[in-house]
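Visitor: Got a structure for you, written out below as structure tokens; questions coming shortly.
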Amino acid sequence: MIDVTTLIQLLSAASTIAVILGVPFIVLQLKQNARILQVSNRQVEVMIHQARAQVFLSIAERLSDREYVLRRKLVRDLVARYASKEWQGFLDSTDAFEIRAFAATYEASATMARIGRIDEGNLQQALGYWVVSDWRAIEPAVRQLERSWGVPAYPNFRWLAESSEAYLKSTARPGL
């Protein structure tokens with residue numbers, strides 16, 4: 001017959017052996033979990049990249065749409081017309097709202113770039129000249145809005161135009 005002390009010693013030894021034998025299984029499980037986590041992280045990175053690419057393509061598609069190209073021309077004509085009239089009647093006109101809507105499109109794209117949702121460099125490469133050209137075209141109207149509002153108007157559009165201009169100058173090839 002086994003006494004209680006021997007039984008306790010046998011159970012203690014058995015539990016120690018079980019722990020020692022279980023450690024390799026735990027280590028293997030942790031390694032497997034780490035691999036699964038790495039794969040999941042890669043999948044998330046791919047999904048983020050795809051989402052950014054989709055946003056970028058959507059912006060490029062919208063800004064190159066025929067209707068938008070005609071809108072660019074309209075906005076330029078409106079700015080020229082009101083500038084020649086020294087901005088009389090501009091601030092509360094439907095035309096001012098047209099220019100504001102136009103600027104808001106770029107403001108949204110620029111905001112997305114500024115907060116890192118889309119890549120600023122890609123936006124500069126694809127839309128750089130358009131951004132600079134359109135900012136220059138509406139800047140006089142934006143100054144009128146800023147005077148009226150007392151706050152900066154479309155700061156992210158301005159930022160993108162300035163950074164795009166710097167980018168375009170830095171990548172320009174001499175002699176072209």
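Visitor: May I ask you to say which residue of 43, 50 is of a type outside the set (D, E, K, R), at pLDDT 90 or above and farther than 29 Å from residue 149 by Cα? Before you say what the answer is, go through the steps one by one.
Guide: Numbers: 50 fails: at pLDDT 90 or above.
Exactly one of 43, 50 is of a type outside the set (D, E, K, R), at pLDDT 90 or above and farther than 29 Å from residue 149 by Cα, namely 43.
Visitor: Cβ contacts < 6 Å: first residue at pLDDT 90 or above, restricted to the stretch 114-143; second residue surrounded by 14 or more Cβ atoms within 10 Å (Cβ to Cβ) and acidic (Asp, Glu), any location; separation 6+ or different chain. Result?
Guide: Hits for this filter: 132/165.
Visitor: Show the residue pairs meeting these rules: Cβ distance below 9 Å; 6+ apart or different chains; first residue within the stretch 68-96 and among the polar types (S, T, N, Q); second residue part of a helix (DSSP H, G or I) and surrounded by 12 or more Cβ atoms within 10 Å (Cβ to Cβ).
Guide: 88/82; 93/78; 93/82
Visitor: In addition: Could you figure out which of (1) surrounded by 12 or more Cβ atoms within 10 Å (Cβ to Cβ); (2) of a type in the set (A, V, I, L, M, F, W, C); (3) modelled with pLDDT under 95 isn't true of residue 103?
Guide: (3)
The rows are residues; the columns are (1) of a type in the set (S, T, N, Q); (2) more than 24 Å from the chain's Cα centre (by Cα); (3) assigned to a helix (DSSP H, G or I).
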residue	(1), (2), (3)
140	no, yes, yes
145	no, yes, yes
156	yes, no, yes
161	no, no, yes
168	no, no, yes
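Visitor: Collect the residues in the stretch 63-80 that are under 21 Å from residue 96 (Cα atoms) and not β-branched (Val, Ile, Thr), keeping them in residue-number order.
Guide: Going through the stretch 63-80, the residues under 21 Å from residue 96 (Cα atoms) turn out to be 63, 67-80.
Selection gives 63, 67, 68, 70, 71, 72, 73, 74, 76, 77, 78, 80.
Visitor: Same structure again: Counting only residues that are at positive phi and not aromatic (Phe, Trp, Tyr), which one in the stretch 74-89 is surrounded by the most Cβ atoms within 10 Å (Cβ to Cβ)?
Guide: Checking each candidate, the answer is 89.
Visitor: Name, by its number, the condition in (1) in a loop (DSSP other than H, G, I, E, B); (2) surrounded by 16 or more Cβ atoms within 10 Å (Cβ to Cβ) that does not hold for residue 92.
Guide: For residue 92, the failing item is (2).
Visitor: Scan the stretch 57-75 and give yes if some residue there is part of a helix (DSSP H, G or I), over 30 Å from residue 119 (Cα atoms) and not assigned by TED's automatic domain parsing to the domain that holds residue 116, otherwise no.
Guide: Taking the stretch 57-75 as the starting set, the residues that turn out to be part of a helix (DSSP H, G or I) are 57-64, 66-75.
Cutting the leftovers down to over 30 Å from residue 119 (Cα atoms) gives us none.
Checked against the condition, which is being part of a helix (DSSP H, G or I), over 30 Å from residue 119 (Cα atoms) and not assigned by TED's automatic domain parsing to the domain that holds residue 116, the stretch 57-75 yields no hits at all.
Visitor: Within the stretch 114-138, work out how many residues are part of a loop (DSSP other than H, G, I, E, B) and basic (Lys, Arg).
Guide: Of the residues in the stretch 114-138, the ones part of a loop (DSSP other than H, G, I, E, B) are 115-119.
Narrowing further to those that are basic (Lys, Arg): 117.
Of the residues in the stretch 114-138, 1 are part of a loop (DSSP other than H, G, I, E, B) and basic (Lys, Arg).
Visitor: Where the second residue is modelled with pLDDT under 85 and charged (D, E, K, R) and the first is exposed (fewer than 10 other Cβ atoms within 10 Å of the Cβ) and lies in the stretch 1-28, which pairs have Cβ atoms under 7 Å and are six or more apart or on separate chains?
Guide: Partner pairs satisfying both residue conditions: none exist.
The values are calculated or read from the model by the stated rules, or taken from the named source; none is laboratory data. Predicted, not measured: the structure shown is a model, and the values here were computed from it. Counting neighbours? That spans all protein chains shown, and the Cβs are built from the backbone with ideal geometry, glycine included.
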